[in-house]
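A short worksheet on the structure shown next.
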Number of protein chains: 2
Amino acid sequence: MKLGTLAIVGVGLIGGSIGKAAKERGLVERIVGIEPNADSALWAVKNGVVDTVVSEVPADADLIALCVPSDLVAPWVITLADHAAPIFDVGSVKGPIVKAVEVTQSTASHFVPCHPISGSERSGPQAADGDLFDGCTVVLTPLATTASVAEQTCASFWEAVGASVVRMSPDEHDAALAVTSHLPHLLAFAFMGQVTDQHLPLTGGGFRDFTRIAAANPDLWWRIMQLNHEALSQALDDYSNNLRALSDAIESGDQSRGLALIEAAAQKRQAADPSAP
Amino acid sequence: MKLGTLAIVGVGLIGGSIGKAAKERGLVERIVGIEPNADSALWAVKNGVVDTVVSEVPADADLIALCVPSDLVAPWVITLADHAAPIFDVGSVKGPIVKAVEVTQSTASHFVPCHPISGSERSGPQAADGDLFDGCTVVLTPLATTASVAEQTCASFWEAVGASVVRMSPDEHDAALAVTSHLPHLLAFAFMGQVTDQHLPLTGGGFRDFTRIAAANPDLWWRIMQLNHEALSQALDDYSNNLRALSDAIESGDQSRGLALIEAAAQKRQAADPSAP
């Protein structure tokens, strides 16, 4: 794959990583960033994350990456309604984005909703990593009106930066991500509520791993949990039932029940990641 | 520090790591293991984790590490009542161990209850790591009758393998570890209950970190959660209150409340581990 100009709207962790990944792999001739934060913009140019920062998406852009908060995706798609290039976003919740675009842009054919399942508790272009998408899964949730050529360009781009592409409906995506990503963040944030300074010397690697996602960007995560609150609420109910079953077994000393639940969990986790437990 | 003979009862992950750490740092002349599992015993000798495996703690041992399940610590202390060497254990829950020893060995002066806050979801001598205790905290919860010379020998040994030593009461230890270790394991085990094979391609680094401790040894963790169920139940209640406050804020769209809770959690987590979020 070799494109002319890649436009990245929002040069933070994800946008910056897209820029670095494309540049390091020689996928594009030129990368322009659109970034309202002057510090981030300056840093990104100085450090070669993008070639230049401009105020509008150039008319000759060949691919447009919208790396903006979810509620800003539909407004950007409207702004770019007459642009010829394929446009993808990177939002963590697809249903509301797709609905907002469908309501306002019922004929949008060049917009390809995407979600790279990567990321980090860090943020900003300083944390950008050209290998962030290497080995990660990117979910595409195309609209009924999405042109196959636009979809194919975006899929090829993701594969060129090392990702695997899967397709599903926005609702399927949001229900699955509520379990695999949004609920863990909710639980980790809640867990930190009772941790005090006195606890910190008494923590080990398990605590550090379990709580790492609680260091994530609060604004971003408040938005994600708000946008996906229905699926998140369902996942939380299922989790609460599992937690009650296990804590009841512990309280009542029901070893056969409790151990069976723990063994099932351990086997599932070991199978999920056999090489690097 | 230079001791003659170190006896390690139970050559698994922790016992094996103690052996390797002592050997690599030249702290002892000889290491003998007492290990009923023939495969582990053979592997440990072949791979130099211990020098030899014997059936009983030698009379000339200068330090004895009891790396056995918590409920076997008191029986071993009774068996070794007349031994002259300092004895430490490595159990994750101190109250029940200390009570069991005090009941049966009211004059025990050479037993030093210890808990190295390290470990891994892996187990067995194959997972042993001579640097496991480097930078970790070891909690000592001495009995009223513990001789200061025994306590000092154990403390010096832990410091010599890279650990920092803190002292507290068994109840203080158990309440703190319920929060920092036992509750995270309970939550991670419960969380895995709703994860299916279909979810696995849709997971990223956050999921992997959050769930890593769910791969831990089920028998070991059932015992720990049983032994510390009172403090664990208290920690679970506090957690449930925090979780309800945050999920209520999400459901009701109460941004000022929800964001404040998330920001407090994120700040605490960032402060806990600023160098490696």
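Table: residues versus (1) more than 29 Å from B:Q234 (Cα to Cα); (2) more than 7 Å from chain B (Cβ to nearest Cβ).
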| residue | (1), (2) |
| --- | --- |
| A:V165 | yes, yes |
| A:A178 | no, yes |
| A:P184 | no, no |
| A:L187 | no, no |
| A:M192 | no, no |
| A:F207 | no, no |
| A:P218 | no, no |
| A:N228 | yes, yes |
| A:Q234 | no, yes |
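Within the range B:18-44, the set of residues being surrounded by fewer than 18 Cβ atoms within 10 Å (Cβ to Cβ), at pLDDT below 95 and part of a helix (DSSP H, G or I) comprises B:A38, B:D39, B:L42. For the range B:100-122, the tally of residues that are touching a residue at least 40 places away in the same chain (Cβ under 8 Å) and either surrounded by fewer than 17 Cβ atoms within 10 Å (Cβ to Cβ) or more than 14 Å from chain A (Cβ to nearest Cβ) (or both) stands at 7.
Being among the β-branched types (V, I, T) and either part of a loop (DSSP other than H, G, I, E, B) or within 20 Å of A:G19 (Cβ to Cβ) (or both) is true for just one of A:V139, A:V149, A:V68. Which residue is that?
One residue alone meets the criteria, A:V68.
Assessment of the range A:261-272 against the conditions (within 25 Å of the chain's Cα centre (by Cα), more than 7 Å from chain B (Cβ to nearest Cβ) and either of a type outside the set (D, E, K, R) or within 16 Å of B:A264 (Cα to Cα) (or both)) yields at least one matching residue. Within the range A:85-100, is there a residue that is assigned to a loop (DSSP other than H, G, I, E, B) and hydroxyl-bearing (S, T, Y)? Yes - at least one qualifying residue is present in the range A:85-100. Would you mind stating whether A:S92 is within 19 Å of A:I14 (Cβ to Cβ) and modelled with pLDDT under 90? So A:S92 does not fit the description; no. Considering the range A:236-275, the residues that are charged (D, E, K, R) and in contact with a helix residue (DSSP H, G or I) (Cβ under 7 Å, 6 or more places away or on another chain) include one that is farthest from B:L236 (Cα to Cα), namely A:D273. Flag set for B:A85, criterion: outside the structural domain of B:L220 (by TED's automatic domain parsing) and in contact (Cβ under 8 Å) with a residue 60 or more places away in the chain.
A search for C-beta distances below 7 Å between a residue of the range A:27-55 that is outside the structural domain of A:E159 (by TED's automatic domain parsing) and any residue that is surrounded by fewer than 17 Cβ atoms within 10 Å (Cβ to Cβ), counting only pairs 6+ apart in sequence or on different chains, returns nothing.
For the range A:54-76, a tally of residues being within 16 Å of A:A108 (Cα to Cα) and of a type in the set (G, A, S) returns 2. The set of residues in the range A:211-252 that are within 18 Å of B:A214 (Cα to Cα) and hydroxyl-bearing (S, T, Y) comprises A:T211, A:Y239, A:S240, A:S247. Kindly provide the set of residues from the range A:152-170 that are under 22 Å from A:V77 (Cα atoms) and in a helix (DSSP H, G or I), ordered by number. The answer is A:Q152, A:T153, A:C154, A:A155, A:S156, A:F157, A:W158, A:P170. Specify the residue that is farthest from the other protein chains (Cβ to nearest Cβ); the eligible residues are those in the range A:134-152 that are in contact with a Leu (Cβ under 8 Å, 6 or more places away or on another chain) and surrounded by 21 or more Cβ atoms within 10 Å (Cβ to Cβ). Across the range A:134-152, the extreme among qualifying residues is A:E151.
Among A:Q152, A:Q126, which is the only one that is in the same structural domain as A:Q105 (by TED's automatic domain parsing) and at pLDDT below 95? The unique qualifying residue is A:Q126.
For the range B:148-174, a residue qualifies if it is out of contact with any Pro (no Cβ under 9 Å at 6 or more places or on another chain), touching a residue at least 40 places away in the same chain (Cβ under 8 Å) and of a type in the set (S, T, Y), and exactly one does: B:S156. Restricting attention to the range A:101-117, the residues that are touching a helix residue (DSSP H, G or I) at 6+ places or on another chain (Cβ under 8 Å) and either assigned to a strand (DSSP E or B) or among the polar types (S, T, N, Q) (or both) total 8. For A:G258, the criteria (1) among the small types (G, A, S); (2) closer than 26 Å to B:D219 by Cβ; (3) more than 7 Å from every other protein chain (Cβ to nearest Cβ) hold in every case but one, which is (3). For B:R208, the conditions (1) over 17 Å from A:E251 (Cα atoms); (2) in contact with an Asp or Glu (Cβ under 7 Å, 6 or more places away or on another chain); (3) touching a residue at least 12 places away in the same chain (Cβ under 8 Å) all hold with the exception of (3).
For the range B:1-17, the set of residues classified as free of Cβ contacts under 8 Å to residues at least 60 places away in the same chain and not in a loop (DSSP other than H, G, I, E, B) consists of B:G4, B:T5, B:L6, B:I8, listed by residue number. Yes or no: B:S169 within 10 Å of chain A (Cβ to nearest Cβ) and among the small types (G, A, S)? Judged against the criteria, B:S169 is not a match. For B:D131, the conditions (1) under 16 Å from the mean Cα position of the chain (by Cα); (2) crowded, with 23+ Cβ neighbours inside 10 Å all hold with the exception of (2).
The values are calculated or read from the model by the stated rules, or taken from the named source; none is laboratory data. Here the structure is a predicted model, which means the values were calculated and not measured. Counting neighbours? That spans all protein chains shown, and the Cβs are built from the backbone with ideal geometry, glycine included.
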